[in-house]
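Novice: If you scroll down you'll find the structure; I have some questions about it.
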């Protein structure tokens, strides 16, 4: 029976610091093109950002590379088309594909599924009025056979906002989709991309799942 595990902790001021932060690499991502062949894994993560959560990618790049200056939240605009990021984490070169989440762009998603080793699906927990629309898009993506067996991490973003949906509420909304996850690894993380909480923890979990899944979908 498919099961969705809630990972990480988010309790306001008592939020636990990301355990994965101690693994923060010291390499500058500008040198990735030179040394990428030295890494045992090269994985592509499809970031399906239904509500254009480019903040998550900015937060991840800033945490994974000290030299990277993250964009200020007010400067981050909706993803139109494709936004690409690269970073190295735990010996794995990660290529992030930040896909625009607007309805007119969702038809382009399946063009990237065949090469994706993992999926990060980001839910805006502060916008309950559009949660059903978001989950419909997520369910449609999971039905694509090229994603069979690919691990998925669901990021419940904007947990720093007081009126946001709780992680338990989001899991309840996902209950029908959970039944369709099959045998793939899947976890749900409470995240504040704005403050960086649980960003690395969610990526760390997905990297481990990708490594475990490498026999089924080898890194390219």
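The values are calculated or read from the model by the stated rules, or taken from the named source; none is laboratory data. Computed from a predicted structure; not experimentally measured. Cβ: placed from backbone, ideal geometry, glycine included. Neighbour counts: every protein chain shown.
Novice: Do we have residue 137 as closer than 16 Å to residue 99 by Cα and touching a residue at least 24 places away in the same chain (Cβ under 8 Å) here?
Specialist: Yes, satisfied.
Novice: Scan region 113-130 for residues that are surrounded by fewer than 16 Cβ atoms within 10 Å (Cβ to Cβ) and outside any loop (DSSP other than H, G, I, E, B) and jot them down.
Specialist: Across region 113-130, the qualifying residues are 128, 129, 130.
Novice: Anything in region 86-112 that is assigned to a strand (DSSP E or B) and at pLDDT below 75? List them, or say none.
Specialist: If the condition is that a residue be assigned to a strand (DSSP E or B) and at pLDDT below 75, then 98, 99, 100 are the ones that fit.
Novice: Pairs, please: C-beta under 6 Å, at least 6 apart or cross-chain, first residue on the phi > 0 side of the Ramachandran plot and in region 149-168, second outside any loop (DSSP other than H, G, I, E, B)?
Specialist: Partner pairs satisfying both residue conditions: 158/124.
Novice: What single numbered condition from (1) surrounded by 13 or more Cβ atoms within 10 Å (Cβ to Cβ); (2) under 21 Å from residue 115 (Cα atoms) fails to hold for residue 182?
Specialist: Result: residue 182 fails condition (1) only.
Novice: Within region 157-170, which residues are under 15 Å from residue 134 (Cβ atoms), touching a helix residue (DSSP H, G or I) at 6+ places or on another chain (Cβ under 8 Å) and at pLDDT 90 or above?
Specialist: Listed by number, the residues that qualify are 165, 170.
Novice: A further question on this structure: Consider region 146-162. How many of its residues are touching a strand residue (DSSP E or B) at 6+ places or on another chain (Cβ under 8 Å) and under 18 Å from residue 190 (Cα atoms)?
Specialist: Counting residues in region 146-162 that are touching a strand residue (DSSP E or B) at 6+ places or on another chain (Cβ under 8 Å) and under 18 Å from residue 190 (Cα atoms) gives 10.
Novice: Could you list, in sequence order, all residues of region 147-176 that are surrounded by 14 or more Cβ atoms within 10 Å (Cβ to Cβ) and in a helix (DSSP H, G or I)?
Specialist: Selection gives 147, 167, 169, 170, 171, 173.
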